[in-house]
Amino acid sequence: MNQAEKERAAKIGKRFTPKKYIENEIAAIRKQVGDKKVLLAMSGGVDSSVCAVLLHKAIGKQLTCVFVDHGCMRKNEAKEVKRVFKGKFGINLIQIDAEARFLEKAKGITDPEAKRKAIGGEFIRVFEEEAAKLGKIEFLGQGTIYPDIIESGVGGHKAVKAHHNVGGLPKDIGFEGLVEPVKYLYKDEVRKVGRALGIPDEMVDRQPFPGPGLAVRCLGELTKEKLDILREADFIFRSEMAKAKLDKKAQQFFAIMTNAKSTGVKNGARTFGYVIALRAVATQQFVQAGVVELPFKFVVDVAGKIATKVKGVNRVVWDITPKPPATIEWE
Ligand code: XMP
């Protein structure tokens, strides 16, 4: 056993049970934090959501969560986060609508990595500004999970890739320490803990969503027009997958704004609209991924719905490329 494995074994014991884990973790958080305060960046993803509820159960109002809407969120995402975490759980949650600010920062940038950097950098600035407004907060909460530690090469494991979540904040922004209550859990265990905490299924079962959000699925310059079109197309695709009960067949499925335009025809008149791509992949570890075979009629129906209902779109294509050679995201 290497160091990380030993630490995980010590934390979990012989057999993982959500109830026991929650009890132990609440006690551990209380011991670490005492009467001090914790700040947590929430993304709406499973890991930070579970983290938020665990922290809230342990220290209540000593926790402040910040959700930064960078304008590349999916449809209704910010609203849902508010409804569940502020409404249902009563968590002290601050939502920042920073769409205009992020779009301004990303203006004119078309290179995928430069876009990521612009968004990641701005995210940290927004978060820092918010933290400064809140006065002294001693701890930073983080939804780090066990595979993140393995992937980043900590604990004697070989690094697979640099951990690149936008939520991954630098440690030098003036906190006494980190609180990472799901650090030794695998993803399925995080979901089990989430369910046991009463987080709704649609949030616990959420597919992974990259930190930069739709930015890595919106090719070319980021504009509100393109992102809005993508949000609508993606919403239709995800709703139809759920309705047809196909959503458990793929680990990730989403729409992509290709930035290409093509000719079409609507009500007898020529149109020139965007091409939307759809992608559904099955994968264990996200290092390799296969294309999910969905019923062809379903695929054609969804494409038709998007091409007719989403203003500005007149063509939909299906991505049939595995990883490798393609990556899961388009950027
Ligand atoms: P790729 O596209 O590299 O994606 O095959 C593998 C997994 O990583 C996610 N991904 C990201 N997650 N920030 C993230 O937090 C990113 O910049 C990012 N890029 C890709 C992707 O959704 C997939 O699950």
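The values are calculated or read from the model by the stated rules, or taken from the named source; none is laboratory data. As the structure is a computational prediction, the values presented were derived from the model and not from experiment. Methodologically, a virtual Cβ is constructed for each residue, glycine included, from the backbone with ideal geometry; neighbour enumeration extends over all protein chains shown. Calculation scope for accessible area: heavy atoms of the full protein, side chains included, ligands and nucleic acids excluded. Shrake-Rupley method; radii C 1.70, N 1.55, O 1.52, S 1.80 Å.
The residues listed here are Glu23, Glu7; of these, the one that is touching a residue at least 40 places away in the same chain (Cβ under 8 Å), over 25 Å from Lys117 (Cβ atoms) and of a type in the set (Asp, Glu) is Glu7.
Being of a type outside the set (S, T, N, Q), open to solvent by 30 Å² or more (accessible area, probe 1.4 Å) and either touching a Ser or Thr at 6+ places or on another chain (Cβ under 9 Å) or free of Cβ contacts under 8 Å to residues at least 24 places away in the same chain (or both) holds for only one residue in Lys86, Lys75, Lys136, and it is Lys86.
Test Ile276 against the criterion of being more than 16 Å from the ligand (Cβ to nearest atom), assigned to a strand (DSSP E or B) and touching a Leu at 6+ places or on another chain (Cβ under 8 Å), and give yes or no. Yes; evaluated as a whole, the condition is true for this residue. Residues in the range 271-291 that are more than 19 Å from Lys305 (Cα to Cα) and touching a strand residue (DSSP E or B) at 6+ places or on another chain (Cβ under 9 Å): Val281, Ala282, Thr283, Phe286, Val287, Gln288, Ala289, Gly290, Val291. Exactly one residue out of Arg116, Arg125 is buried (at least 19 other Cβ atoms within 10 Å of the Cβ), of a type outside the set (A, V, I, L, M, F, W, C) and either in a helix (DSSP H, G or I) or within 18 Å of the chain's Cα centre (by Cα) (or both), and it is Arg116. Looking across the range 287-303, the residues that are open to solvent by 70 Å² or more (accessible area, probe 1.4 Å) and within 16 Å of the ligand (Cβ to nearest atom) come down to Val287, Gln288. You will find that of Leu246, Leu230, Leu178, Leu219, the residue that is more than 16 Å from the chain's Cα centre (by Cα) and open to solvent by less than 10 Å² (accessible area, probe 1.4 Å) is Leu230 and no other.
Considering each residue of the range 304-320 in turn, none proves to be charged (D, E, K, R), closer than 22 Å to Gln207 by Cα, away from the ligand (no atom under 16 Å from the Cβ) and out of contact with any strand residue (DSSP E or B) (no Cβ under 9 Å at 6 or more places or on another chain).
Looking only at the range 26-45, residues that are open to solvent by less than 10 Å² (accessible area, probe 1.4 Å) and part of a helix (DSSP H, G or I) come to 2 in all. Only a single item in (1) over 19 Å from Asn76 (Cα atoms); (2) within 15 Å of the ligand (Cβ to nearest atom) is not met by Arg270, and it is number (2).
Phe67 satisfies every condition listed in (1) assigned to a helix (DSSP H, G or I); (2) at pLDDT 95 or above; (3) not polar (S, T, N, Q) except (1). Given the criteria in the same structural domain as Asp148 (by TED's automatic domain parsing), surrounded by 21 or more Cβ atoms within 10 Å (Cβ to Cβ), under 16 Å from the mean Cα position of the chain (by Cα) and modelled with pLDDT of 95 or more, does Gly194 qualify? Here the answer is yes, as Gly194 does meet what is asked. The set of residues in the range 279-303 that are in contact (Cβ under 8 Å) with a residue 12 or more places away in the chain and in a helix (DSSP H, G or I) comprises Phe298, Val299, Asp301, Val302, Ala303. Scanning the range 1-23 for residues that are open to solvent by 60 Å² or more (accessible area, probe 1.4 Å) and over 29 Å from Gly211 (Cβ atoms) gives Met1, Lys6, Ala10, Lys14, Arg15, Lys19, Lys20, Glu23.
Restricted to the range 202-216, and to residues there that are more than 12 Å from the ligand (Cβ to nearest atom) and assigned to a helix (DSSP H, G or I), the residue that is surrounded by the fewest Cβ atoms within 10 Å (Cβ to Cβ) is Glu202.
Taking the conditions (1) within 21 Å of the chain's Cα centre (by Cα); (2) closer than 26 Å to Glu77 by Cβ; (3) not hydrophobic (A, V, I, L, M, F, W, C) in turn, Gln288 satisfies each one other than (2). Any residue at all in the range 71-81 that is within 22 Å of Glu122 (Cα to Cα), assigned to a strand (DSSP E or B) and at pLDDT 95 or above? Checked against the condition, which is being within 22 Å of Glu122 (Cα to Cα), assigned to a strand (DSSP E or B) and at pLDDT 95 or above, the range 71-81 yields no hits at all. Screening Ile229 against (1) assigned to a helix (DSSP H, G or I); (2) over 25 Å from Ser49 (Cα atoms); (3) within 16 Å of the ligand (Cβ to nearest atom) leaves a single unmet condition, (3).
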